[in-house]
Amino acid sequence: MIKRFKKISAMLALTMMISLSGCGSKDKYKTDSASTHQHNEDVTDTETTAVTAGPDTDSTTEAGTDTATTESSSDTSATETTTEEAKPGEKYLQYKNMTPEEITASLTLEQKAAQMALPAIQYTKTTEMKQNCYGGVLSQKNELTYDEWQVTVDAYQKAALNSEAGIPFIYGQDDVHGVNYCQNTVLFPHNIGMGAANDPELMYQVGLITADEAKLCHMLWNYSPCVAQSVDPRWGRTYESYGSNLEIITNLSTSYSKGLIDGGLIVCAKHYLADGNVEYGTGENSDVARLIDRGDAKLSDAEISELLKVYQALIDSGVQTIMISHSSLNGVKMHENKEYIMKLKNEMGFTGFIVSDWNSVQNTSASDYYTQIVNSVNSGIDMFMEVESFNVVKDCIVDAVKKGDISEERVNDAVTRIIRVKQNAGVIADPYCQDMKTVQTEVGSAEYREVAEKCVEESLVLVKNDNNVLPLKKGTKIYVTGPAADNARAQCGGWTIEWNGSPNEDIPGVTTILQGFKDLSDKYGVEIITDKSRASEADVVVLVVGEKSYAEWNGDTADLELCGSLELGGNSDAIEAAKALGKPIVACIVAGRNVIIDKYVNDWDAVVMCYLPGSEGQGVANVLCGGASFRGKLPSPWYSSVDQIPDGKPWLEQGFGLTY
């Protein structure tokens, strides 16, 4: 395994060289929906179906009636930079030899404002892209194959290039543990598990692999890494964090970001600032009531300074974009916190662009949308992820400049930053990714899966091992049970296929923990039993329990219990049934955080925290059977009661972990 892994490491190192070789009145501004829900399940994907019909799809032709209107041009704001008119779809060729400042100067005010808009793909059509040439497009709620992704993205790119502005757009996606919205890709452990592994070199390779598979989809902008400091495990986004130790967070996030950049992607560090430091009970109550998510972080200047050091390290590593947090810092919503947004640009040397989060401007303090947009632009946000109201955003910006509420200099700065990122990433020179090189020719390669398996093995934390029940010995009969044993959805967690996780327990390309045991049984000379009628024949029980999958505030919890409000269905029954057998029990916990297990831990001989392993569940079986040693350490404290959070003495400290 080690020799094979070194060969893979050498192959991935080649990725860097390959990637570098190419690649009216204010009241009229109202949004259609004030919802900040990440994915509206009522929206159909007819547009995506239309543009993914085949490689010859005309991206400028849509089923149905096109109701968009032609945007007016502001001739006085455009500067003539070329004398020869470009052919339709080829204006970008002229941009290749221009500076970002020159490109920005050639645009009308309306075209500049469109570059600052970031619609979601389910709310916009290619005809709108051709008409407006938005700076980017994001999100997709249905999984596609990598080649279907290529067709989809290229259709919008064709529309952008055939627009009057002709500036290539960038497609953004939350590929937070691999390219998790594409079929059959490699899915790595979520960040909480990578924090347990704490292996910067491995994290760099995760970045390279994610970049390679994302490029196969033509998705070049990754909303990752999340560098939140996990303070309160009741927060629903705990698993998106590397843990509570800022040094570990810094080392892993910078290594991962360098891998993404060397692999050819545009990186988006998030969520600035203090998203993981929010206090329980302060959650945002806008469209829904939240316990803690999007709440208020009440921090001292010294504490803020420590968080800023993480972002400084990311800026120094070359991160090109930064996403603002939904949350507040000392009572001020970050989306209107000019002091700290401008600190990035004026004091920390950040030359990339700053993007808002999903519809979050709508939850800032102003009472009308026009003023919310004006305040956020003037606070330093450059691109607006207002996923349905993107055209309203564009109109607000144009109108605000004409009224003097936003200076055109501020707009020019935003657009220049956006274009600079695109140009430096090679998007303007090669918008269709025709010259882009990848290591693999399709997603889900055996080589990449082997790296992901190593991530799983290193992320496992051995919490208890009485009587040396682990590793499982040759000749052992093992009864594998529990609702997470053969459940790909629970194993991969949220941000997998869909926002809250896969709609199905079975996910193509995912090896479950149970399947991993079956696949390795001959190698280790063990017998795997799954029939409960034969459970009494077993020498040991491997009990796999956990949490149901969730994302963001849907994972906020008041109880944090393994068998509480977010328990995976069947936990309680499986725990009782395992205990009744009177056999040694190895409990494997598949969860996005350290859940409270004080009611059960004394009944278990061994406890393994698996976190959310991703696609390669065989890594769990390999370690439990002794094929690899435990090396994971708790990335955050483990509490035995919510009363201990956050200042009480925990059951186990951050950094705890046993070995064989």
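Worth pointing out:
- Net charge contributed by nearby residues that have their C-beta within less than 12 Å of V288 (K/R +1, D/E -1): -3
- Label-to-label distance for K473 and A580 is 2.9 nm, based on points extended 7 Å past Cα in the beta-carbon direction.
- Convex hull projection area averaged over all views, region 406-449, Cα basis, nm²: 5.0 nm²
- For T250, the shell of other residues with beta-carbons less than 11 Å away shows a net charge of -2, using +1 for Lys and Arg and -1 for Asp and Glu.
- Here the contact order of region 357-493, divided by its residue count and restricted to Cα pairs under 8 Å and six or more residues apart, works out to 15 percent.
- Overall form of region 442-595 per C-alpha gyration tensor (a/c, 1.5; a/b vs b/c): oblate
- Cβ-defined net charge surrounding A429, 11 Å radius [Lys, Arg +1; Asp, Glu -1]: 0
- Per the Kirkwood formula applied to alpha carbons, region 609-649 shows a radius of gyration over Rh ratio, Rg over Rh, of 1.14.
- Paramagnetic reach from K402 (point 7 Å along Cα→Cβ, amide N under 15 Å) across region 366-396: 392-396
- Whether region 171-218 is rounded, prolate or oblate, judged on the alpha carbon gyration tensor where a/c under 1.5 counts as rounded: prolate
- Surface accessible to a 1.4 Å probe, per residue, for the residues of region 503-659, Å²: 37 Å²
- Straight-distance crosslink candidates among lysines, where the alpha carbon sits under 25 Å from K298 and sequence neighbours closer than 8 are dropped: K270, K309, K333, K338, K343, K345, K649
- Shape call, region 555-636: gyration tensor on alpha carbons, a/c limit 1.5: oblate
- For region 197-342, with all protein chains in place and a probe radius of 1.4 Å, 48% of the accessible heavy-atom surface sits on carbon or sulfur.
- Think of it as helices only: each DSSP H run of n ≥ 4 in the chain is worth -39500 (n - 2.57), and spread over all residues that comes to -10500 deg cm²/dmol at 222 nm.
- Multiplying each eigenvalue of the alpha-carbon gyration tensor of the chain by 5 and taking the square root yields semi-axes of 45, 27, 21 Å, largest first, rounded to whole angstroms.
- Eligible lysines near K523 by straight Cα distance, threshold 17 Å, same-chain separation 8 or greater: K473, K474, K477
- Ranked by the mean number of other Cβ atoms within 10 Å per residue, highest first, peptides 464-472, 618-626 order as 618-626, 464-472.
- Share of pairwise Cα-Cα distances greater than 21 Å in region 355-486 is 67 percent (whole percent).
- FRET efficiency for the pair R534 and E306, taken as 1/(1 + (r/R0)^6) with r the Cβ-Cβ distance and R0 = 56 Å, rounds to 0.55.
- Rounded to the nearest 5, the antiparallel percentage of DSSP beta bridges internal to the chain is 20%.
- Stretching E442 away from N330 to a fully extended chain increases their span by 35.6 nm, per 0.36 nm per residue minus the current alpha-carbon distance.
- Peptides 545-557, 230-242, 443-455 ranked from most to least packed by the mean count of surrounding Cβ atoms within 10 Å: 230-242, 545-557, 443-455.
- For S572 and D519, the difference between the fully extended length at 0.36 nm per residue and the C-alpha to C-alpha distance is 16.3 nm.
- Entries in K464/K599; K464/K583; K96/K402; K532/K579 that, when Cα-Cα distance is taken, lie over 23 Å: K96/K402
- Once all protein chains are placed together, L246 keeps about 40 Å² accessible to a 1.4 angstrom probe.
- FRET efficiency, 1/(1 + (r/R0)^6) with R0 45 Å, evaluated for K338 and K96 via beta carbons: 0.80
- For the chain, a simple Cβ point-charge model (Lys and Arg +1, Asp and Glu -1, everything else neutral) yields a dipole of about 1600 debye relative to the Cα centre.
- For region 524-602, the convex hull spanned by the alpha carbon atoms encloses 113 Å³ per residue.
- Label-to-label distance, K87 versus N602, with points set 7 angstrom from Cα along the beta-carbon direction: 8.0 nm.
- Here the peptides 380-389, 91-100 are ranked by packing, the mean other Cβ count within 10 Å, and the order with the highest first is 380-389, 91-100.
The values are calculated or read from the model by the stated rules, or taken from the named source; none is laboratory data. Since the model is a prediction, treat every value here as computed from it, not as a measurement. Positions of Cβ are generated from backbone atoms using ideal geometry, with glycine treated the same way; all protein chains shown enter the neighbour counts. The protein model used for the area step is the full one, side chains on, heavy atoms only, and it has no ligands, DNA or RNA in it. Shrake-Rupley method; radii C 1.70, N 1.55, O 1.52, S 1.80 Å.
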